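K.L.:
I have a structure here, written as structure tokens, and I will follow up with some questions on it.
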Amino acid sequence: MQFLEDALQLREQRQQLIASNIANADTPNYKARDFDFKKALQGALAQNSGSPTELTKTAAAHLPGVNETSFGGAALQYRTVQQGSVDGNTVDMDTERNQFADNALRYEASLTMISGHIKSLLAAIQG
Amino acid sequence: MSLFSIFNVAGSAMSAQAQRLNAVASNLANADSATSSTGEVYKAKQVVFSAVPVNGAVATGVKVDRVVEDQSPPRMMYDPKSPLADAKGYVTMPNVNVVEEMVNMISASRSYQTNVETMNAAKSMLQKTLTIGQ
């Protein structure tokens with residue numbers, strides 16, 4: 001269950017990043033960003049405590065923030081430029097749309113698996 | 001739920017693109033406005049986009065940073081009969097490049113459509129999330 005939860009949370013974060021890339025397709029000097037999902041999930045599973053995308057707070061006064069540079073240990077990276085543009089924008093719409101659809105589908109797959117997990121738990125409880 | 005911030009991201013992009021479309025409409029409408037309320041010739045307006053972080057999350061939205069006036073020289077049209085003509089018979093016309101504006105218009109409307117689709121995808125993902133365990 002923890003595995004699927006982590007996967008779902010990371011998929012959500014990734015979807016958000018890709019949506020940002022698509023939204024900024026016309027912003028001058030915007031650089032498309034993404035993270036390595038495999039590394040992130042491995043990292044998230046390795047850190048047993050807390051949510052995979054939250055900062056560890058060591059003092060009560062620390063602000064709860066989203067760690068921008070790490071997703072379960074995987075760094076936020078800039079996409080390799082396929083075709084440069086004059087305004088310095090590196091968003092490739094084909095790549096982004098492709099990744100967006102792919103990520104959405106995998107998110108739904110994780111959802112289906114969680115549902116299946118809950119159903120089998122229910123079956124075990126109810127007999 | 002970080003999926004909710006996709007609505008903010010796509011929404012900000014949609015309003016920015018709509019503003020760009022607005023500027024295009026204004027430029028095309030005034031492509032032949034040789035004078036205005038100030039007596040000056042109309043200058044093409046262009047929006048400048050800038051990326052803004054959305055409520056502390058990793059997501060980045062878009063906002064219109066500023067609207068700038070195109071500084072390229074005005075088009076000179078020979079029309080000695082016009083009351084606005086100068087001593088040589090030329091009238092200063094707006095520096096609107098119609099071809100550029102049409103390209104801008106298509107680009108803005110396509111980007112708008114893409115963001116609508118992004119929003120729809122996020123919506124269906126959220127709806128499916130609500131059915132976990134059912």
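K.L.:
Which whole number gives the average count of other chain Cβ atoms within 10 Å of the Cβ atoms across peptide B:112-121? Don't skip to the answer; put the middle values down first.
P.N.:
Values: counts 0, 0, 7, 4, 0, 4, 10, 1, 0, 7.
Mean partner-chain Cβ count within 10 Å for B:112-121: 3.
K.L.:
Right, here's the next one. So which chymotrypsin sites (Phe, Trp or Tyr not before Pro) in the range B:44-134 are both in a DSSP loop and have at most 12 other Cβ atoms within 10 Å of their Cβ? Before the final figure, lay out the partial values.
P.N.:
On the way: sites: B:Phe49, B:Tyr78, B:Tyr90, B:Tyr112; in loops: none.
Hits after loop and neighbour filter: nothing returned.
K.L.:
Springs between alpha-carbon atoms under 10 Å, Gaussian network over chain A: tell me which of A:Gln82, A:Gln99, A:Gln47 tops the mean-square fluctuations.
P.N.:
Greatest mean-square fluctuation among the candidates belongs to A:Gln82.
K.L.:
For chain B, with the dipole built from +1 on Lys and Arg beta-carbon atoms and -1 on Asp and Glu ones, taken about the Cα centre, which of B:Gly61, B:Ser2, B:Thr38 lies farthest toward the positive end?
P.N.:
After comparing all options, I get B:Ser2.
K.L.:
In degrees from 0 to 90, rounded to the nearest 10, what is the angle of the helix A:37-46 Cα long axis to the longest principal axis of chain A?
P.N.:
Roughly 40 degrees between the two axes.
K.L.:
Charges on Cβ only, +1 for Lys and Arg, -1 for Asp and Glu, centred on the Cα centroid of the range B:71-132; of B:Ala122, B:Ala85, B:Asn104, which one is farthest towards the dipole's positive end?
P.N.:
Toward the positive end, the furthest listed residue is B:Ala122.
K.L.:
With a ≥ b ≥ c the root eigenvalues of the C-alpha gyration tensor of chain A, is it rounded (a/c under 1.5), prolate (a/b larger than b/c) or oblate? Numbers along the way, then the final one.
P.N.:
On the way: a/c = 2.97, a/b = 1.53, b/c = 1.94.
The shape class here is oblate.
K.L.:
What do you get when you divide the Cα radius of gyration of the protein assembly as shown by 2.2 N^0.38 Å, with N the number of residues?
P.N.:
Working: Rg = 24.8 Å, N = 261, 2.2 N^0.38 = 18.2 Å.
Normalised Rg, Cα atoms only: 1.36.
K.L.:
Given the options B:Met119, B:Met77, B:Met93, state which has the largest fluctuation in a GNM of chain B using a 10 Å cut-off (strictly under) for Cα springs.
P.N.:
Most flexible of the set in this elastic network: B:Met77.
K.L.:
Moving to a separate point now. Excluding B:Val99 itself, what net charge comes from residues whose Cβ is under 15 Å from its Cβ, given Lys and Arg +1 and Asp and Glu -1? Before the final figure, lay out each step's value.
P.N.:
Details: positive: B:Arg75; negative: B:Asp70, B:Glu100, B:Glu101.
With Lys, Arg at +1 and Asp, Glu at -1, the net is -2.
K.L.:
Further question: Taking every residue in A:10-18, how many Cβ atoms of other protein chains lie within 10 Å of its Cβ, on average? Write down the numbers at each step before the final one.
P.N.:
Numbers: counts 0, 3, 10, 5, 2, 9, 13, 7, 4.
Rounded to a whole number, the mean comes out at 6.
K.L.:
By the gyration tensor of its Cα atoms, with a ≥ b ≥ c the square roots of the eigenvalues, what is the shape of the range B:18-134: rounded for a/c under 1.5, prolate for a/b over b/c, or oblate? Mind dumping the intermediate values first?
P.N.:
Numbers: a/c = 4.83, a/b = 3.18, b/c = 1.52.
Because a/c hits 1.5 or more and a/b exceeds b/c, the range B:18-134 counts as prolate.
K.L.:
Count, for each residue of B:44-52, the Cβ atoms from other chains sitting within 10 Å of its Cβ, then give me the mean as a whole number.
P.N.:
Taking the mean over all residues of the peptide, I get 3.
Readers should treat all values here as calculations from the given coordinates under stated rules, not as data from a laboratory. Given the structure is predicted, the values throughout are model-derived calculations rather than measurements. Using ideal geometry, Cβ is built from the backbone for each residue, glycine included, and neighbour counts are taken over all protein chains shown.
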